[in-house]
Amino acid sequence: MRAAAAAHGWGILLDDPKPGEDVPVELKQSRWVRPIRTVFDFLHIYPGYWEVDAGWVVLPFFALFFAMIVGDAAYGVIFLGTAILMHRKLKKANNAIILLYVLSIASIVWGALTGTWFGSKAILESVPLLKALVIPQIANYPELFGLDATTSQNMVMQFCFIVGTLQLSLACAMNIHRKIGRKDLSAVADFGWLLMIDALYFLVLMLVIGASVPVSAVGSAVGVGFALVVLFGAQGPQVPFLKGLAGGAAGLFTTFLNSISAFSNIISYIRLFAVGMASLAIAQSFNSMASGLLQGFALPAGILIWVIGHGLNLVMALLSVVVHGVRLNLLEFSGQLGMEWT
């Protein structure tokens, strides 16, 4: 550019972009993060120049969400076979194929740990190896391990809340790290959000699954976190401290609403449990419909019902991933991170 300007007698003004300016962006991601670009390209969403690249967080959580929503190891094997066929046909593994490998392996692992193979209890009972892989506390057939369904379901719901709290807390930690680097005092407000979210997790456990928690300690932690957000939420590198305090006080009601939103965001992760259970119920229903026909002249009809039923369930699971798995990353997590994908 400089050489062309000198040759043609042009004038050039080079300047760093100012905050808020719309700057063209080229993402440079690590090789292990690039597969998530498949999702970003599909949805046409990208971080702006002033935003962080959160792909390294979205990828592992999206894989976990995918596995919990699909919820079946046999479906994961189908995805894995599809990835292998695509790999052999293209003779190389692009980002989409690598992502499919990751998602299929995650589905196989989660399905094996919960004992779900085509939603069939009979398969689990007849293959001791598959039964040995199951974690009884989160099993979809807990009666095979001497546990009741309520205990197993409560454990899976608690796991969903742990995952949600971890991802939202990670967003707070990323904000703190970024703001400390530029000496932004509002990092203290993000520490307040971190404290509130971790405390609200226990409140969610108490209200949803009836867990016993120290209410006074939880209330105190939420109160301290709320105070830090109010006092430091409007601070900034070029903002006088007293002016920042006044701005935080003016936004008191908004902070209150955002605190309620943080509580609901944690609860929102229960959709992973709910959609996974719905997928299991549909698989069980088609298994039941087909089982009475898997003999004699009705055998072809039984096989057809079984194949169509599981095919339909698999497609609905993929749609649920787009609706719910993507939402948790782009709404709950990104909202806490302050990211708008501009």
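The values are calculated or read from the model by the stated rules, or taken from the named source; none is laboratory data. Just so it is clear, the model here is predicted, and its values are computed rather than measured. Quick reminder, even Gly has a Cβ in these numbers, built from the backbone with ideal geometry, and neighbours come from all protein chains shown. Surface accessibility is based on the protein's heavy atoms, side chains included, excluding ligands, DNA and RNA. Shrake-Rupley method; radii C 1.70, N 1.55, O 1.52, S 1.80 Å.
Before anything else, pin down the relative contact order of the chain: Cα pairs under 8 Å, at least 6 apart, normalised by residue count, whole percent.
Numbers: 423 pairs, mean separation 63.1, N = 342.
Relative contact order comes out at 18 percent.
Could you grab the relative contact order for region 186-342? Cα pairs under 8 Å, six or more apart, rounded to a whole percent.
On the way: 130 pairs, mean separation 27.7, N = 157.
Computed over region 186-342, the figure is 18 percent.
Say a paramagnetic label sat at a point 7 Å from the Cα of Ile84, along Cα to Cβ; which residues of region 98-120 have their backbone N under 16 Å from it?
98, 100-109
What FRET efficiency do you get for Trp10 and His44 if R0 is 30 Å and r is their Cβ-Cβ distance, rounded to the nearest 0.05? Write out the running numbers ahead of the final one.
Details: r = 35 Å, r/R0 = 1.16.
With a Förster radius of 30 Å, E is 0.30.
Run the accessible area of the chain with a 1.4 Å probe and give the carbon-and-sulfur part as a rounded percent.
Accessible surface attributable to carbon and sulfur in the chain totals 68 percent.
What do you get for trypsin sites (Lys or Arg not before Pro) in region 61-131 restricted to DSSP loop and a cutoff of at most 14 other Cβ within 10 Å of the site's Cβ? Walk me through the numbers on the way to the answer.
Working: sites: Arg88, Lys89, Lys91, Lys92, Lys121, Lys131; in loops: Lys91, Lys92.
Passing sites in region 61-131 are Lys91, Lys92.
How many Å² of accessible area per residue for the chain, probe 1.4 Å?
On a per-residue basis, 53 Å².
Output the peptides 309-315, 179-185 sorted from most to least packed, where packing is the average of other Cβ atoms within 10 Å over each peptide's residues. Show your work: numbers first, answer last.
Values: 309-315: 16.7, 179-185: 13.9.
The densest-packed peptide leads the list: 309-315, 179-185.
Which residues make up the longest stretch of the chain clear of GluC sites (Glu not before Pro) that lie in a DSSP loop with no more than 16 other Cβ atoms within 10 Å, not counting the sites?
Longest gap between qualifying sites, sites excluded: 52-339.
Sticking with the crude label model, points 7 Å out along Cα→Cβ, report the distance from Ala132 to Ala227 in nm, one decimal please.
For the pair Ala132/Ala227, the computed spacing is 5.6 nm.
Considering only C-alpha atoms, what is the centroid distance from region 280-341 to region 1-17, in Å?
57 Å
Considering Cα pairs under 8 angstrom that are at least six residues apart, work out the relative contact order of region 97-184 and quote it in whole percent.
Values: 51 pairs, mean separation 15.5, N = 88.
Relative contact order for region 97-184 comes out at 18 percent.
Using helices alone, what [θ] at 222 nm do you get for the chain, with -39,500 (n - 2.57) per DSSP H run of 4 or more residues, divided over all residues and rounded to the nearest 500? Could you put the intermediate results ahead of the total?
Details: 15 runs with 226 residues, N = 342.
Mean residue ellipticity, 222 nm, calculated: -21500 deg cm²/dmol.
Loop only per DSSP, at most 14 neighbouring Cβ atoms within 10 Å: give me the trypsin sites (Lys or Arg not before Pro) in region 11-70, ordered by residue number. The partial results should precede the final answer.
Values: sites: Lys28, Arg31, Arg37; in loops: Lys28, Arg31.
Hits after loop and neighbour filter: Lys28, Arg31.
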